[in-house]
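The values are calculated or read from the model by the stated rules, or taken from the named source; none is laboratory data. Just so you know, these numbers come straight off a predicted model, no measurement behind them. FYI the Cβ positions are ideal-geometry reconstructions off the backbone, even for glycines, and counts take in every protein chain you see. These area figures cover heavy atoms from the full protein model, side chains too; ligands, DNA and RNA do not enter into them. Shrake-Rupley method; radii C 1.70, N 1.55, O 1.52, S 1.80 Å.
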Amino acid sequence: MTFLSKRINNLSESQTIKMAKLGRELTAKGIDVINLSFGEPDFFTPEHLKEAAKKAVDENYSYYTPVSGYPELRKAIVEKLKNENDLTYTFDQIVVSTGAKQSLANVVLCLVNPGEEVIVPTPYWVSYSEMIKLAEGETVFINATVEHDFKITAAQLEAAITPKTKLFMFSSPCNPTGSVYSHEELASLAAVFEKYPNIYIISDEIYEHINFVDKHASIAAFDAIKDRVIIINGFSKAYAMTGWRVGYMASNKEIANACDKLQGQITSGTSSISQRAALAAYQNGLETVTAMKDEFKKRRDIVYALLKEVPGIQVNLPYGAFYFFPTVKDYFGKSVNGNVISNAEDLCLYLLNEAHVSTVTGGAFGNEECIRISYAAAEDQLIEAVSRIKEALSKLS
Ligand SMILES: Cc1ncc(COP(=O)(O)O)c(C=O)c1O
């Protein structure tokens with residue numbers, strides 16, 4: 001028997017990966033499973049980015065890269081933040097990483113001491129709580145409900161703050177709810193942070209471009225707190241580049257230097273080829289991004305209309321990302337053929353085995369009453385999936 005560290009034993013298995021695995025097992029048995037548990041665009045990486053990567057191979061971009069990324073990519077990120085977000089950063093405030101996930105982990109590990117508190121609104125993205133555990137921090141959850149479009153208020157935020165609070169961490173657009181904070185809503189949160197100068201704010205903006213409101217709003221726009229905001233972003237979602245592994249953070253220089261130091265000891269700079277493709281993404285406009293966003297919006301509208309027709313579930317209209325997060329608690333306690341649905345996890349397993357549709361339990365995101373349905377799938381598959389879900393749910397009594 002191997003005695004693994006407490007650190008790894010305390011870490012939870014990713015529920016999204018678990019559901020995808022169960023789905024694949026059924027598919028291997030020849031069952032037609034519709035997988036709506038994935039957190040990635042079903043589109044291919046745009047052609048011009050693939051071409052940039054091929055060119056990089058031919059031009060021998062094969063050596064170790066600078067830990068914080070190629071200077072030209074970091075400069076392109078500075079330009080992007082200025083042009084798209086009206087935010088001013090300098091080149092040395094940007095650290096490119098192996099995906100937004102690494103940037104998030106870097107920042108949490110660089111800021112949080114054992115016992116310090118990190119405030120996380122629920123529902124939250126699966127890995128936040130596990131990263132905080134790795135840093136030996138304490139997570140303080142704020143419950144955001146479907147009635148409030150899964151967004152927290154300034155009053156809720158202030159009530160969660162204690163002398164031990166070090167960090168606040170959230171995503172907008174949000175995975176798993178698709179909720180998007182407006183500039184005004186962020187202003188009210190920023191006004192609270194202004195009163196607490198020792199609290200840092202991680203603003204995870206990885207879904208920035210899959211956003212069906214007019215303009216993406218960032219909490220870094222508020223000058224009084226900007227120095228304490230760490231923006232996390234990347235290329236995975238907007239450019240359908242999940243497997244290429246390029247993300248970045250923008251922050252004050254001290255935090256950026258700390259992340260560079262940590263990354264320098266763990267992974268070094270991310271893939272040279274992927275960085276060249278990412279550079280091409282930021283140098284060539286938003287045409288492909290907009291086309292993908294329009295397609296997601298079309299699907300969102302179709303799935304929303306269909307989900308509204310499913311009895312016993314409550315669903316909010318997501319304004320960003322590519323997920324629905326319906327409340328399914330009305331089905332708890334119901335059963336079919338002796339199979340009792342006690343919670344959201346049971347319901348997800350039932351939907352997988354009965355409807356052959358793979359979803360993820362809300363428990364993975366800190367909400368036990370919901371399930372996450374990804375609409376990163378083709379339109380006909382989505383229509384078929386909701387029809388199967390509806391039929392399977394109708395069998396429960
Ligand atoms: C909210 C959120 N942040 C970060 C990530 C990680 O992105 P990346 O693939 O760039 O590591 C994801 C991926 O699902 C996400 O949903």
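Brief remarks on what is shown
- Residues being among the aliphatic types (A, V, I, L, M) and touching a residue at least 40 places away in the same chain (Cβ under 8 Å) - total across the stretch 115-136: 5
- Taken over the stretch 62-102, the residue count meeting the criterion of being open to solvent by 20 Å² or more (accessible area, probe 1.4 Å), within 16 Å of the ligand (Cβ to nearest atom) and part of a helix (DSSP H, G or I) is 2.
- Of the residues examined, Ser127 is not one that is crowded, with 22+ Cβ neighbours inside 10 Å and assigned by TED's automatic domain parsing to the domain that holds Ser68.
- No other residue among Thr88, Thr139, Thr153 is within 20 Å of the chain's Cα centre (by Cα) and free of Cβ contacts under 8 Å to residues at least 40 places away in the same chain apart from Thr139.
- Number of residues in the stretch 226-247 that are more than 9 Å from the ligand (Cβ to nearest atom), open to solvent by less than 10 Å² (accessible area, probe 1.4 Å) and not aliphatic (A, V, I, L, M) equals 1.
- Residue pairs whose Cβ atoms lie under 9 Å apart, separated by 6 or more positions or on different chains, with the first residue in the stretch 53-65 and under 10 Å from Ala277 (Cβ atoms) and the second loosely packed, with under 14 Cβ neighbours inside 10 Å, are Ala56/Ser62.
- Just so you know, in the stretch 156-177 the residues that are open to solvent by 30 Å² or more (accessible area, probe 1.4 Å) and in contact (Cβ under 8 Å) with a residue 40 or more places away in the chain include one that is nearest to Asp204 (Cα to Cα), and it is Lys166.
- Any hit, the stretch 152-162, residues being polar (S, T, N, Q) and over 22 Å from Glu130 (Cα atoms): yes
- Selection count where residues are in a helix (DSSP H, G or I), of a type in the set (Ser, Thr, Tyr) and open to solvent by less than 50 Å² (accessible area, probe 1.4 Å), scope the stretch 13-58: 1
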